[in-house]
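Structure first, commentary second.
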Amino acid sequence: MTPRILLADDHTLVLEMLVNFLSRDFTVVGTVANGEALLEAAMRLQPDIVVLEHALPGTDGLTVVRMLKTRLPNTRCVFVTRHADLHHVRDAFAAGARGYVLKDATPEELVAAMLRISRGETYISPRLGLEPGWAPPSAVTREGSGELTARQMEVLRLVADGFTGKQIASTLNISLKTVESHKACISRQLGLRSTAALTRYAVEHGLLRPRPETARHA
Amino acid sequence: MSNETIPQSPGREANTPAPTPPTAGTRPRVLIAEDHTLVREGLRMLLAGELDIVDTVEDGRALLGAAERLQPDVILLDISMPLLNGLDAARQLAKASPTSKLVFVTMHADPAYVRQAFRAGASGYVVKSSASSHLTEAIAEVLAGRRYISPIPGVELAEVLSGEPQESGEGELSDALTPRQREILQLVAEGRTAREIAVVLGISRKTVEFHKASIMRLLRLRTTAELTRYAMAHGIIASA
């Protein structure tokens, strides 16, 4: 019997593509475009696999995964997503997801991933560069939780606000070396390599706002 | 509207014209630029039956090269793309492939982006929350010399095309910078080093540093973090 899957994405165009890719090896039991419709359809259809994206209108993807984990323990949730950051991956597995496929994947990779998940395995897109043996659910404990300490959060805000290392050191009354070490920890924790990437993370997570007010002359 | 269930085999709406008659050899030639492989291949799969997909590319710079080489009838492009965003690419395509009709296929439903797209030379604009029937309709319309916007709440085609001057706000491209400076700013905000940027643009590292310094002086910004936030606020790189 082919596995029954339910697809959720807020982009109808993408849903149509997923149906095209998956309908040969799976039975697509439904397609939905928001979190509430996904919960309702999942409870009604009890699919083997739910495919979803993080940013669903209404109830977001992570919340849906958490709810389905207790309500439908036999249904496996898989993110097929454009979010390629480690903190999104960690959040997904912490919520109970069984797979994480980037929208950067080829259609062949998507099908292969879904087949593995239907056999009870977990799957993470290799492009995320996670070292082999990274055990997703258990790694979401202390060290790799993606949670920043209050001090790290302070440093991140200042970095994204455009403060130099020296300025951060004097603002927080710590040494430049300590600032650099905080920054390195934050980068590792979030899986982000550059100051630009840290800044984008801070803006995207509402730690501060983009600055439309700068340089309006011209 | 957004919670409807689409059928498994998406059919075209009864009143939607087919994009082109499927006469062999004369099918419209289409180039696709989209950074996500699944979406890129998905577009190809949706359209290959009736259109000639001459190539697919995954960033704005590759788009410029492929368009110049292939001179396609239609170019489908995203707004958020690595190396060179779709809006800046569109402006350069006016020279690189002047007869190609541009159709943006994007997640951005913000009216500011729609206006920017048409100002940059677009003939069509389709949001990814639309069904594929809107995409085929868009392609048919632009090939017939008309313009097309898929249904977007609060956006009317006539209003966009009337070109009323809009105050520059968030999501608008910054007119304070030259195209070259915007290219460099995007690459800086993507976290690339001066050395990497030099390779991408085929210029010297020193020239990159010079441009970066001019941008900072012009915008009165001092750090890479500030440049990144400026790029996000002005639609030069995507802000999620």
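Backbone phi angles across the stretch A:33-50, fed through the Karplus curve with coefficients 6.51, -1.76 and 1.60 (θ = phi - 60°), yield HN-Hα couplings of 10, 8, x, 5, 4, 5, 4, 4, 5, 5, 5, 6, 9, 6, x, 6, 9, 10 Hz in residue order; Gly and Pro are listed as x. Legend: mean number of C-beta atoms from other chains within 10 angstrom of residue C-beta atoms, peptide B:228-236, equals 6. Amide H contacts for A:VAL32 (H built 1.01 Å from N in the peptide plane; partners 5 or more residues away or on another chain; cut-off under 5 Å): A:LEU7, A:ALA8, A:ASP9. Rounded is the label for the stretch A:1-143, because the ratio a/c of its alpha-carbon gyration tensor axes (a ≥ b ≥ c) stays below 1.5. In this structure, A:THR178 and B:ARG69 have a Cβ-Cβ separation that, at R0 = 51 Å, corresponds to a calculated FRET efficiency of about 0.45.
Phi angles across the stretch B:76-89 convert, under the Karplus curve 6.51 cos²θ - 1.76 cosθ + 1.60 with θ = phi - 60°, into 3J(HN,Hα) values of 9, 9, 8, 7, 7, 9, x, 6, 8, 6, x, 5, 5, 4 Hz, Gly and Pro given as x. For B:LYS101, the amide hydrogen comes within under 5 Å of the amide hydrogens of B:VAL74, B:ILE75, counting only partners 5 or more places away or on other chains and with H modelled in the peptide plane. Each residue was assigned an accessible area with a 1.4 Å probe, and for A:LEU176 the value is about 80 Å².
For the stretch B:186-198, 3J(HN,Hα) computed residue by residue from phi via the Karplus equation (6.51, -1.76, 1.60; θ = phi - 60°) reads 4, 5, 4, 6, 7, x, 8, 7, 4, 4, 5, 5, 4 Hz, glycine and proline entered as x. Take each residue in A:198-205, count the other chain C-beta atoms within 10 Å of its C-beta, and the mean is 5.
Checking the a/c ratio against 1.5 first, then a/b against b/c, what shape does the Cα gyration tensor give for the protein assembly as shown?
Values: a/c = 1.87, a/b = 1.08, b/c = 1.73.
Taking the square roots of the gyration eigenvalues as a ≥ b ≥ c, the protein assembly as shown is oblate.
For a test of the definition: using alpha carbon positions, the gyration tensor, and the 1.5 limit on a/c, classify the stretch B:29-162 as rounded, prolate or oblate. Because its axes are fairly even, with a/c under 1.5, the stretch B:29-162 counts as rounded. Averaged over peptide A:178-185, the number of partner chain Cβ atoms lying within 10 Å of each residue's Cβ comes to 0. Calculated [222 nm] ellipticity per residue, helices only, for chain A: -14000 deg cm²/dmol; basis is -39500 (n - 2.57) per DSSP H run with n ≥ 4, divided by all residues, nearest 500. Longer than 31 Å from Cα to Cα, which of A:LYS69/A:LYS183; A:LYS103/A:LYS183; A:LYS183/B:LYS206; A:LYS103/B:LYS101; A:LYS166/B:LYS206; A:LYS177/B:LYS212 are they? Say none if no pair is. Over 31 Å Cα-Cα: A:LYS69/A:LYS183. Between amide H atoms placed 1.01 Å from N, distances below 5 Å from A:THR81 occur with A:VAL101, A:LEU102, A:LYS103, all of them 5 or more places distant or on a separate chain.
The values are calculated or read from the model by the stated rules, or taken from the named source; none is laboratory data. Nothing here was measured: the structure is a model prediction, and the numbers come from that model. Cβ coordinates were reconstructed from backbone atoms using ideal geometry, including for glycine residues, and neighbour counts include every protein chain displayed. Each accessible area value is taken on the protein alone, full model and side chains, heavy atoms only, with ligands, DNA and RNA left out. Shrake-Rupley method; radii C 1.70, N 1.55, O 1.52, S 1.80 Å.
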